[in-house]
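The values are calculated or read from the model by the stated rules, or taken from the named source; none is laboratory data. Keep in mind it's a predicted model, so treat the numbers as computed, not measured. Side chains are part of the model used for accessible areas, which takes the heavy atoms of the whole protein and leaves out ligands, DNA and RNA. Shrake-Rupley method; radii C 1.70, N 1.55, O 1.52, S 1.80 Å.
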Amino acid sequence: AHPDLSLSSLFAKENLALMSEEQLNRYDRLINEPSNDWDIYYWATEAKPAPAEFDTDVMAMLREFAKNRNREQRLRQPDLEYLFEPPH
């Protein structure tokens, strides 16, 4: 499974239309050049520092997006948890 795919595809859906041509080129490089999809996920979630060549405004946008996604998931989680609780 590709951990960053849902993150980067959701990010793309929301942000590509707002990006300049230079940003689109940097985004394209970011999603195509690293050989390991986990790297992009780790950089976006700040689990690992991004190498200088990928540490751009686009990476900053992706990090911000990842933080907001995590916040949304935390807000939504409790709604689902009761479905999995054993009956009392």
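Some observations on this one:
- Protein accessible area in segment 5-74, 1.4 Å probe - carbon and sulfur %: 49
- Radius of gyration and maximum dimension Dmax of segment 5-74, Cα, Å: 11.3, 34
- Residues of segment 5-74: accessible area per residue with a 1.4 Å probe, Å²: 63
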